[in-house]
Amino acid sequence: MWQNENKKGMAAFIDGDEALALQHWKQALDEASAEGAQQNFEFGETSFYVGKILSDNKQYTESIPYLRTAVEILTTHDTAGDRKNKATYILAHAYRQLEKDDEFKAFMEPFTPKKPLIPLKDALKLLQKQKLAADLKGTVLTELCSAHQIDSNGDAKPLTSLLHQYYADPTSGAERKVQDKFFSHATEEFDIQNVLDALADLIGKPGKIKIVENTPMPNSAKNTGLIIELGKASSFHEVETVYHIVWAVNELLEEINSKVRFQEIDDCPEGITSFYLLKESAYDKLVDIDGLEFTNTENYD
């Protein structure tokens with residue numbers, strides 16, 4: 001019976017042998033499927049364990065089928081909801097790491113508080129209290145809203161789109177980005193050193209972030225293994241998109257006990273990844289602004 005393999009998996013997991021636990025648990029799930037014993041809490045829980053271990057080891061693509069199975073089964077069979085909620089949250093995280101934003105938002109929806117949107121102008125005032133988007137008012141606001149069919153008297157839902165237009169201005173956009181420490185770049189087309197140089201400028205360490213190693217990852221046509229350093233701090237990250245480079249820089253900032261982190265802005269234009277460099281106090285004020293959402297933020301010390 002499949003439960004025998006399942007028990008072996010749990011025993012291996014308790015002993016700290018995740019590789020052996022995965023072997024037994026996968027075998028247990030295969031046997032349960034062959035026996036037609038999938039629709040029960042135990043099968044869902046085992047699927048959760050397998051998916052969680054794979055996700056914890058950054059095997060996000062491999063983790064998703066197991067986590068989706070766990071969510072599907074536990075929605076019916078986990079009456080307390082604890083396992084189902086954990087599986088849903090980890091599944092959303094896996095999709096986010098794979099840059100699958102639609103799936104990420106769908107599975108994060110249960111954890112996202114619902115609240116009425118405030119007026120766009122009120123959201124801008126909150127933003128400007130943090131000394132950001134200082135010129136996005138008066139004639140500038142009116143002209144941008146008119147050009148991009150945004151109701152300046154409406155709610156704050158289009159705020160992120162409006163900000164991108166504000167920073168894309170051919171005359172003042174570059175200066176605004178520097179002033180507000182706003183970084184925006186094509187998600188998949190980039191030069192690693194150029195991105196690092198731009199990020200180093202924003203954190204006040206021009207030219208100080210160095211590439212130690214940048215080598216292709218095995219069995220991957222796109223990903224590279226990137227080691228970077230800032231002074232004595234170093235960070236390793238598997239890089240596929242600009243997001244991963246910024247994540248690696250955030251790890252450097254954490255290691256040197258910096259008070260700032262790059263915070264990714266959600267709902268960017270397609271193919272674009274954008275961040276504000278923020279202190280914790282500013283992030284705490286901005287995170288609740290309607291229309292300006294952050295995803296995968298890094299913790300501050």
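Residue count for the range 138-165 satisfying the condition of being surrounded by fewer than 17 Cβ atoms within 10 Å (Cβ to Cβ), part of a loop (DSSP other than H, G, I, E, B) and in contact (Cβ under 8 Å) with a residue 40 or more places away in the chain: 1.
Restricting attention to the range 166-179, the residues that are among the hydroxyl-bearing types (Ser, Thr, Tyr) and either within 20 Å of the chain's Cα centre (by Cα) or surrounded by fewer than 16 Cβ atoms within 10 Å (Cβ to Cβ) (or both) total 2. Of the residues making up the range 74-101, those that are closer than 24 Å to residue 274 by Cα and either touching a Ser or Thr at 6+ places or on another chain (Cβ under 8 Å) or at pLDDT 85 or above (or both) are 89, 90, 91, 92, 93, 94, 95, 96, 97, 98, 99, 100. Every test in (1) touching a Lys or Arg at 6+ places or on another chain (Cβ under 7 Å); (2) crowded, with 16+ Cβ neighbours inside 10 Å is passed by residue 94 save one, and that test is (1). Inspect the range 135-153 for any residue being closer than 27 Å to residue 242 by Cα and of a type in the set (Gly, Ala, Ser) and give the result as yes or no. Checked the range 135-153: no residue is closer than 27 Å to residue 242 by Cα and of a type in the set (Gly, Ala, Ser).
Closer than 30 Å to residue 241 by Cα and more than 18 Å from the chain's Cα centre (by Cα): which single residue out of 85, 4 fits that description? First the steps, then the outcome.
Details: 4 fails: closer than 30 Å to residue 241 by Cα.
Just a single option satisfies the conditions, and that option is 85.
Would you please name the residue that is surrounded by the fewest Cβ atoms within 10 Å (Cβ to Cβ), looking only at residues in the range 54-89 that are within 23 Å of residue 187 (Cβ to Cβ) and among the β-branched types (Val, Ile, Thr)?
Here is the first cut: in the range 54-89, the residues within 23 Å of residue 187 (Cβ to Cβ) are 55, 58-64.
Now drop any that are not among the β-branched types (Val, Ile, Thr), which leaves 61, 64.
On the way: 61: 11, 64: 20.
Among those that are within 23 Å of residue 187 (Cβ to Cβ) and among the β-branched types (Val, Ile, Thr), it is 61.
Counting only helices (runs of 4 or more DSSP H) that fall entirely inside the range 1-94 and contain at least 2 residues that are touching a residue at least 24 places away in the same chain (Cβ under 8 Å) and within 30 Å of residue 225 (Cα to Cα), the qualifying elements are 18-35, 41-56, 60-77. Screening the candidates 155, 180 for the property of being among the charged types (D, E, K, R), farther than 26 Å from residue 100 by Cβ and modelled with pLDDT under 95 yields one hit, 155.
The values are calculated or read from the model by the stated rules, or taken from the named source; none is laboratory data. Since we're looking at a predicted model, the values are computed, not measured. Here Cβ is always computed from backbone atoms with ideal geometry, including for glycine, and neighbour counts include all displayed protein chains.
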